[in-house]
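The values are calculated or read from the model by the stated rules, or taken from the named source; none is laboratory data. Keep in mind the model is a prediction, meaning the values are calculated, not measured. Note that each Cβ is placed from the backbone with ideal geometry, even for glycine, and that neighbours are counted across all protein chains shown.
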Amino acid sequence: MAQKISLTRYLVEKQRDNNTIPSHLRLLLEVVARACKSISQAVNKGALGGVLGAAETENIQGEVQKKLDIIANEVLIEANEWGGHLAAMASEEMEGIYLVPNRYPQGEYLLLFDPLDGSSNIDVNVSIGTIFSVLVKPEGAGVSEQDFLQAGCKQVAAGYCVYGPQTTLVLTVGDGVSMFTLDREQGSFVLTQENVQIPADTKEFAINMSNMRHWAPPVKRYVDECLQGKEGERGKDFNMRWIASMVADVHRILTRGGIFMYPWDKREPEKPGKLRLMYEANPMSWIIEQAGGAATNGKTRILDIEPSKLHERVSVILGSKNEVDRVTRYHAEA
């Protein structure tokens, strides 16, 4: 029987043998993984743990928070604030940044996270997840919100944890994508796939079809071609999949190919998109690119976008490279 490689061993070997990551980043990623295990336990308990349903609060985006949103946010903060690896954190659920308290040593990294992506699925027992991104703090005394406003290409680590039939951690530190499955008997994440690659072509697309009447012409053109199937320009049939949890939709694409689209639409034309650049689009785009895929906002590579604010929104088109390139070309032609 092949020897199981734990996440800890995997990261130690990255640090020691390949010199891919420094020791403090390794320790930071282990702490994030432990926090994800705690969140996974809360998710699994569901109604038995009294964690389902809405809280009586809203987040910075004006969205009603679920109880698990708040729990996951607190778990990630409490797990990461004292280790000495971080200078500050930012969360989709908080208005401003969270500085590491003075009673703890400050590190050289910044952590951003969406503590529980897919909140609308919490109460119906559908896969949800945690997304995270790590940046290096710019040199200089103190930490400000401006320090977080770095393009996605500056990330030094990114990942997500999907809480489904299995709890799976997906991670990149810039040299490919690896997947780890939580072994509940051992209580540790175990390496189950390395060098994940997304097929360049696909027959699956993920988008919320109920918004079709609000889409821009390039997106409608692409989806119309998919729906025409073998009789249309594409000459092949497509399947549509939509879970309404970015983590779950992207995980499916990472596993077997596909294209995920959450585009701009005319319901709120002043907003460039729905998803958050810093907490969702950047980490997911880097993971997708590291697996051979592509990610754009319809015009520009997402990882090249210079953010102007912490909770900036963006249109997202990512997945199998040839399909993303096609949608991006349609935007250019329009």
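For the stretch 185-231, which residues satisfy the criterion of being among the hydroxyl-bearing types (S, T, Y), more than 30 Å from L11 (Cβ to Cβ), out of contact with any Gly (no Cβ under 6 Å at 6 or more places or on another chain) and in contact (Cβ under 8 Å) with a residue 40 or more places away in the chain? I'd like the intermediate steps shown before the answer.
In the first step, residues of the stretch 185-231 are kept if they are among the hydroxyl-bearing types (S, T, Y); the result is 188, 192, 202, 210, 222.
Now restrict to residues that are more than 30 Å from L11 (Cβ to Cβ): 202, 210, 222.
When the remaining residues are screened for being out of contact with any Gly (no Cβ under 6 Å at 6 or more places or on another chain), the result is 210, 222.
Matches in the stretch 185-231: Y222 only.
Could you list all residues from the stretch 191-218 that are among the hydrophobic types (A, V, I, L, M, F, W, C) and under 20 Å from the mean Cα position of the chain (by Cα)? Write out each step before concluding.
Our first condition is that a residue be among the hydrophobic types (A, V, I, L, M, F, W, C); within the stretch 191-218, this holds for 191, 196, 198, 200, 205-207, 209, 212, 215-216.
Answer for the stretch 191-218, where residues must be among the hydrophobic types (A, V, I, L, M, F, W, C) and under 20 Å from the mean Cα position of the chain (by Cα): L191, V196, I198, F205, A206, I207.
Among A294, A248, which is touching a residue at least 24 places away in the same chain (Cβ under 8 Å), surrounded by 18 or more Cβ atoms within 10 Å (Cβ to Cβ) and more than 25 Å from Q166 (Cβ to Cβ)?
A294
Which condition breaks for N239 when tested against (1) surrounded by fewer than 23 Cβ atoms within 10 Å (Cβ to Cβ); (2) closer than 21 Å to L116 by Cα; (3) among the polar types (S, T, N, Q)?
(2)
If I ask for residues that are crowded, with 22+ Cβ neighbours inside 10 Å and either outside any strand (DSSP E or B) or of a type in the set (V, I, T) (or both), which ones from the stretch 76-97 would you list?
The answer is L76, N80, H85, E92, E93.
Would you tally the residues in the stretch 256-274 being without any contact (Cβ under 8 Å) to a residue 24 or more places away in the chain and closer than 14 Å to F205 by Cα?
We begin by selecting, within the stretch 256-274, every residue without any contact (Cβ under 8 Å) to a residue 24 or more places away in the chain; these are 268-270.
With the extra rule that they be closer than 14 Å to F205 by Cα, the set shrinks to none.
Selection size over the stretch 256-274: 0.
Evaluate the stretch 56-74: report whether one residue or more is modelled with pLDDT of 90 or more and either of a type in the set (D, E, K, R) or assigned by TED's automatic domain parsing to the domain that holds A244 (or both).
Looking through the stretch 56-74, at least one residue is modelled with pLDDT of 90 or more and either of a type in the set (D, E, K, R) or assigned by TED's automatic domain parsing to the domain that holds A244 (or both).
Looking only at residues that are in a helix (DSSP H, G or I) and free of Cβ contacts under 8 Å to residues at least 40 places away in the same chain in the stretch 18-41, which one is surrounded by the fewest Cβ atoms within 10 Å (Cβ to Cβ)?
Applying the first criterion (in a helix (DSSP H, G or I)) to the stretch 18-41 yields 23-41.
Checking the rest, the ones that are also free of Cβ contacts under 8 Å to residues at least 40 places away in the same chain come to 23, 26, 30, 41.
On the way: S23: 12, R26: 23, E30: 17, Q41: 15.
Checked the stretch 18-41; the qualifying residue surrounded by the fewest Cβ atoms within 10 Å (Cβ to Cβ) is S23.
Rundown of residues vs (1) out of contact with any strand residue (DSSP E or B) (no Cβ under 8 Å at 6 or more places or on another chain); (2) acidic (D, E); (3) under 16 Å from S320 (Cα atoms), yes/no style:
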site: D175; (1), (2), (3): yes, yes, no
site: F180; (1), (2), (3): no, no, no
site: Q197; (1), (2), (3): yes, no, yes
site: N208; (1), (2), (3): no, no, no
site: K220; (1), (2), (3): yes, no, no
site: D224; (1), (2), (3): yes, yes, no
site: K230; (1), (2), (3): yes, no, no
site: H251; (1), (2), (3): no, no, yes
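Restricting attention to the stretch 165-202, and to residues there that are under 27 Å from F238 (Cβ atoms) and at pLDDT below 95, which single residue is surrounded by the most Cβ atoms within 10 Å (Cβ to Cβ)?
Of everything passing the filter in the stretch 165-202, T202 is surrounded by the most Cβ atoms within 10 Å (Cβ to Cβ).
With in contact with an Asp or Glu (Cβ under 6 Å, 6 or more places away or on another chain), farther than 22 Å from I305 by Cα and among the β-branched types (V, I, T) as the only criterion, which of V170, V162, V100 stands out? Don't jump to the end; show me each part of the working.
Numbers: V170 fails: in contact with an Asp or Glu (Cβ under 6 Å, 6 or more places away or on another chain); V162 fails: in contact with an Asp or Glu (Cβ under 6 Å, 6 or more places away or on another chain).
Within the list V170, V162, V100, the selection yields V100.
Answer with yes or no whether L52 is over 12 Å from F113 (Cβ atoms), at pLDDT below 75 and either among the aliphatic types (A, V, I, L, M) or surrounded by 23 or more Cβ atoms within 10 Å (Cβ to Cβ) (or both).
Details: over 12 Å from F113 (Cβ atoms): yes; at pLDDT below 75: yes; either among the aliphatic types (A, V, I, L, M) or surrounded by 23 or more Cβ atoms within 10 Å (Cβ to Cβ) (or both): yes.
Answer is yes for this residue.
Restricting attention to the stretch 295-334, and to residues there that are assigned to a strand (DSSP E or B) and touching a Leu at 6+ places or on another chain (Cβ under 7 Å), which single residue is farthest from E204 (Cα to Cα)? Walk me through it before giving the result.
Taking the stretch 295-334 as the starting set, the residues that turn out to be assigned to a strand (DSSP E or B) are 295-296, 301, 313-314, 316-319.
If we keep only those that are touching a Leu at 6+ places or on another chain (Cβ under 7 Å) as well, we get 295, 313-314, 316.
Details: A295: 16, R313: 25, V314: 22, V316: 16 Å.
Restricting to residues being assigned to a strand (DSSP E or B) and touching a Leu at 6+ places or on another chain (Cβ under 7 Å), the top hit is R313.
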